[in-house]
Amino acid sequence: MTTDPLSPSGRLPHAFTTPGSSSFVDFLAQHAPDLLPGRRPPLPVGEVPVPHATTIVALTFDGGVVMAGDRRATMGSQIASRDIEKVFPADDYSAVGIAGTAGLAVEVVRLFQLELEHYEKIEGTLLSLDGKANRLSTMIRGNLGLALQGLAVVPLFAGYDLDRGAGRIFSYDVTGGRYEEHQHHSVGSGSVFARGSLKKLWQPGLDAAAAVRVAVEALVDAADDDSATGGPDRSRKIWPVVATVTAAGYLRVGQEALGEVVAQVAADRDAQHARARRDGEDPR
Amino acid sequence: MSMPFYVSPEQLMKDRADYARKGIARGRSVVVLAYDDGIAFATENPSRALHKVSEIYDRIAFAAVGKYNEFENLRVAGVRYADLRGFSYDRRDVNARGLANAYAQTLGTVFTTESKPLEVELVVAEVGDDPATDQIYRLSYDGSVADERDFVVLGGQSDRLREEIAGAWTPGMPLADVLALAVRVLGTPADGAEEDDRRVIPAAQLEVAVLDRTRPRRAFRRLSGVVLEDLLAAGTPTEP
């Protein structure tokens, strides 16, 4: 019973009028558990080729946080998508990025967005940033059965804490473990390389523009060494999804502004390599 | 053995309807008016937390009068209904008509099968891309639905307030004018009182919200504080 929520008499069933819960996920678990990603009947163990989403980076700056994700999804050695989007607004003051099984991850994000909006409508107020991070944790934990079969979803959550007036980042493991990260973090197959890059480029007191640049650099570094991470596609003009979350809310960096950042990063790297060749450090 | 008294169905329904009507008439009215960029809701409500007007979904809002616990329960059910529908299909597939039907069935079933009818009157409104596609449904305690146009008044003296609005409302009015009209009408003196008794309700005592069709996704917005005061000051109150 999922498509038509009404009872035979046409009146709203009791699950709808039961007071108490402000959680959409709890309501689904009561009323339509088959709609929850983690509540499907157990599947036989086996390998199915499914698209995987890869690298997400996030870093804090003065007055907020930046999140960025590359645009590639892979299926084995094949590129399944070159323009998938993996960074989403969770609500007005937070962003969620996903790595892992793309289909499940997108579903988890959709449910998470709805969970936050549902709470806001019923309670008339926003959840605290920690509250949001904990809700996501519960949802990832519900997916543990699928994760053990190789269909893991690993999100990265970042938002602007209205009480503290600062950007914060939360990472997760497949068991739903929630860890607060300071300064910067990265998840997905290219995260090792992105993290190295972030470690060198991040510094206290960055402004939003500088932080966007650092995020793009980290993704370019990840794409350099990880085949599952896509760098900026300059011929097709497909740039990473980059978003800032500040006191003013979630804001996706525009295509043109991002194009300029990408061009700058590329120009700097071209110049670096040209210098290296000229100085004879590069045998080419 | 005592025989239960026979009560004719007509009498039974009439008693229930009278009971519900009395409960609803005690509350303060809510007025719902269309304006050029959407639909406005206004009521006298000193509480900042216990709302009579709320958001249900992207383009859909809910307004109610009557017993708070009863309409609050229906509001939450409506949010769950809309969110479930939007999650199983798509956000665009949630519409006011489906929600109004679900409410109508619920109110009707309670009215005929339970010992006490719900003492509520509701409006479910959906803002469209242009004024012609706006939808306003008014639902009564017995489950009857009316598809309304332009403006609706819920609660106590709804017939009198309706006449007041009908004399002054015109299509395509801007928000400030519609709100000025709404506030004027809400201050209408009780039946039989002098016109001089008309009250001017201050902004702090008003609950005002709009479904603004120019907003990208979630059209619902509450208006309060300075924003509301400025709007009320800018509006030209239309004399009926």
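A few notes on this one:
- So A:PRO8, is it away from chain B (no Cβ under 11 Å), on the phi < 0 side of the Ramachandran plot and modelled with pLDDT under 85: no
- Criterion violated by A:PHE27 - all others in (1) out of contact with any strand residue (DSSP E or B) (no Cβ under 7 Å at 6 or more places or on another chain); (2) within 14 Å of another protein chain (Cβ to nearest Cβ); (3) not in a helix (DSSP H, G or I) satisfied: (3)
- So B:ARG199, is it over 30 Å from B:ALA96 (Cβ atoms), in contact with a Leu (Cβ under 9 Å, 6 or more places away or on another chain) and of a type outside the set (Phe, Trp, Tyr): yes
- Residue match in the range A:155-170 (condition: under 17 Å from A:THR55 (Cα atoms) and either within 14 Å of another protein chain (Cβ to nearest Cβ) or over 15 Å from the mean Cα position of the chain (by Cα) (or both)): no
- Scanning the range B:190-240 for residues that are part of a loop (DSSP other than H, G, I, E, B) and closer than 19 Å to B:GLU55 by Cα turns up B:ARG213, B:THR214, B:ARG215, B:PRO216, B:ARG217, B:ARG218, B:ALA219, B:SER224.
- Residue, farthest from the other protein chains (Cβ to nearest Cβ), within the range B:44-79, restricted to residues that are open to solvent by less than 10 Å² (accessible area, probe 1.4 Å) and not in a strand (DSSP E or B): B:PHE71
- Of all residues making up the range B:96-124, the number that are more than 14 Å from chain A (Cβ to nearest Cβ) and surrounded by 16 or more Cβ atoms within 10 Å (Cβ to Cβ): 4
- Listed by first and then second residue, the pairs with beta-carbon distance under 7 Å, at least 6 apart or on different chains, first residue in the range B:206-218 and open to solvent by 80 Å² or more (accessible area, probe 1.4 Å), second not polar (S, T, N, Q) and not in a strand (DSSP E or B), are B:THR214/B:ASP37; B:ARG217/B:ASP58.
- Pair list, Cβ < 7 Å and 6+ apart or interchain, from the range A:98-110 residues that are at positive phi to residues that are open to solvent by less than 10 Å² (accessible area, probe 1.4 Å) and not basic (Lys, Arg): A:GLY100/A:ALA53; A:GLY100/A:VAL153
- The range B:1-43, residues that are in a strand (DSSP E or B) and over 24 Å from B:VAL79 (Cα atoms): B:TYR35
- Some residue of the range B:125-133 being within 13 Å of chain A (Cβ to nearest Cβ), outside any strand (DSSP E or B), open to solvent by 20 Å² or more (accessible area, probe 1.4 Å) and at pLDDT 90 or above: no
The values are calculated or read from the model by the stated rules, or taken from the named source; none is laboratory data. Every value quoted in this text rests on a predicted model; they were computed, and no experiment measured them. Cβ coordinates were reconstructed from backbone atoms using ideal geometry, including for glycine residues, and neighbour counts include every protein chain displayed. We work out accessible area using only protein heavy atoms, side chains counted, and drop any ligands, DNA or RNA first. Shrake-Rupley method; radii C 1.70, N 1.55, O 1.52, S 1.80 Å.
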